[in-house]
Amino acid sequence: MWKMVIADDEQVILNGLKRLLDWEKLGIEIVGEAADGEMLLTEIYEKEPDLVITDIKMPKKTGLDVIKEVQEKEIKTRFIFISGYEEFTYAKDAVRYGAVDYLLKPVGVEDFASAVKKALSQLQDTRTIRMFREEKNELQ
């Protein structure tokens, strides 16, 4: 199963995201949640999730601050951003730091499901490449 952490400073959004999709059917386990950027970083370091779904604007650290720090530490977590802000600079920065997608609140189920499936596809591709490399190294 893939591990996921969800972060948003609004509890109602967190609860909604947890119920929006059938996570178990997708092969995803929600291993943590956070209400601010610092809590999110702690969850990422402790739980090592494959996927993070987070708001851009949160107290203490923004979602962009978090993805930058995770990238600098070369942690291979995938990010999907959800935001109430339709600012192009946020979306541009999210993509520059490797986000899978940037969705606007309120999030539609189809768009959300599509972003999650895209992230899972990327994760599976990365896992397959890593397995081939390991096999190749064993054969040499």
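The values are calculated or read from the model by the stated rules, or taken from the named source; none is laboratory data. Since we're looking at a predicted model, the values are computed, not measured. Neighbour counts are summed over all protein chains in view; Cβ atoms, including those assigned to glycine, are modelled from backbone coordinates with ideal geometry. When the accessible area is computed, the model is the full protein with side chains, heavy atoms only, and any ligands, DNA or RNA have been set aside. Shrake-Rupley method; radii C 1.70, N 1.55, O 1.52, S 1.80 Å.
Using the structure shown, decide if VAL52 is out of contact with any Gly (no Cβ under 8 Å at 6 or more places or on another chain) and either surrounded by 16 or more Cβ atoms within 10 Å (Cβ to Cβ) or farther than 19 Å from ALA115 by Cβ (or both). If you could, list the steps in order and put the result at the bottom.
Working: out of contact with any Gly (no Cβ under 8 Å at 6 or more places or on another chain): yes; either surrounded by 16 or more Cβ atoms within 10 Å (Cβ to Cβ) or farther than 19 Å from ALA115 by Cβ (or both): yes.
It is true that VAL52 is out of contact with any Gly (no Cβ under 8 Å at 6 or more places or on another chain) and either surrounded by 16 or more Cβ atoms within 10 Å (Cβ to Cβ) or farther than 19 Å from ALA115 by Cβ (or both).
Just for segment 89-123: of the residues that are more than 18 Å from ASP9 (Cβ to Cβ) and aromatic (Phe, Trp, Tyr), which one is modelled with the lowest pLDDT?
Within segment 89-123, the subset more than 18 Å from ASP9 (Cβ to Cβ) is 89, 91-93, 95-101, 108-123.
Retained after the next criterion (residues that are aromatic (Phe, Trp, Tyr)): 97, 112.
Numbers: TYR97: 90, PHE112: 96.
Step by step, filter segment 89-123, then rank; the result is TYR97.
Taking the criterion of being of a type outside the set (Phe, Trp, Tyr), within 12 Å of the chain's Cα centre (by Cα) and part of a helix (DSSP H, G or I), would at least one residue in segment 56-63 satisfy it?
Start the filter on segment 56-63 by keeping residues that are of a type outside the set (Phe, Trp, Tyr), which leaves 56-63.
Going one step further and asking which of them are within 12 Å of the chain's Cα centre (by Cα), we end up with 56, 63.
Narrowing further to those that are part of a helix (DSSP H, G or I): 63.
Yes, segment 56-63 contains a residue that is of a type outside the set (Phe, Trp, Tyr), within 12 Å of the chain's Cα centre (by Cα) and part of a helix (DSSP H, G or I).
May I ask you to list the residues in segment 23-42 that are in contact with a strand residue (DSSP E or B) (Cβ under 7 Å, 6 or more places away or on another chain) and under 13 Å from LEU120 (Cα atoms)?
Those that are in contact with a strand residue (DSSP E or B) (Cβ under 7 Å, 6 or more places away or on another chain) and under 13 Å from LEU120 (Cα atoms): TRP23, GLY27, ILE28, GLU29.
Looking at GLU33, is it open to solvent by 60 Å² or more (accessible area, probe 1.4 Å), modelled with pLDDT of 95 or more, charged (D, E, K, R) and under 22 Å from LEU104 (Cα atoms)? Show your work before the answer.
Values: open to solvent by 60 Å² or more (accessible area, probe 1.4 Å): yes; modelled with pLDDT of 95 or more: yes; charged (D, E, K, R): yes; under 22 Å from LEU104 (Cα atoms): yes.
When the stated conditions are applied, GLU33 passes them.
Tell me yes or no: at least one residue of segment 105-117 is open to solvent by less than 50 Å² (accessible area, probe 1.4 Å) and either in contact with a Pro (Cβ under 7 Å, 6 or more places away or on another chain) or assigned to a loop (DSSP other than H, G, I, E, B) (or both).
Going residue by residue through segment 105-117, those that are open to solvent by less than 50 Å² (accessible area, probe 1.4 Å) are 107-108, 112-113, 115-116.
With either in contact with a Pro (Cβ under 7 Å, 6 or more places away or on another chain) or assigned to a loop (DSSP other than H, G, I, E, B) (or both) added as a condition, the list becomes 107-108.
Yes, segment 105-117 contains a residue that is open to solvent by less than 50 Å² (accessible area, probe 1.4 Å) and either in contact with a Pro (Cβ under 7 Å, 6 or more places away or on another chain) or assigned to a loop (DSSP other than H, G, I, E, B) (or both).
Of everything in segment 38-49, what is outside any helix (DSSP H, G or I) and either open to solvent by less than 40 Å² (accessible area, probe 1.4 Å) or modelled with pLDDT under 95 (or both)? Give them in sequence order.
PRO49
Here is a list: GLU72, GLU86. Which entry is more than 13 Å from the chain's Cα centre (by Cα), at pLDDT 90 or above and either within 19 Å of SER121 (Cβ to Cβ) or open to solvent by 10 Å² or more (accessible area, probe 1.4 Å) (or both)?
Result of the check over GLU72, GLU86: GLU72.
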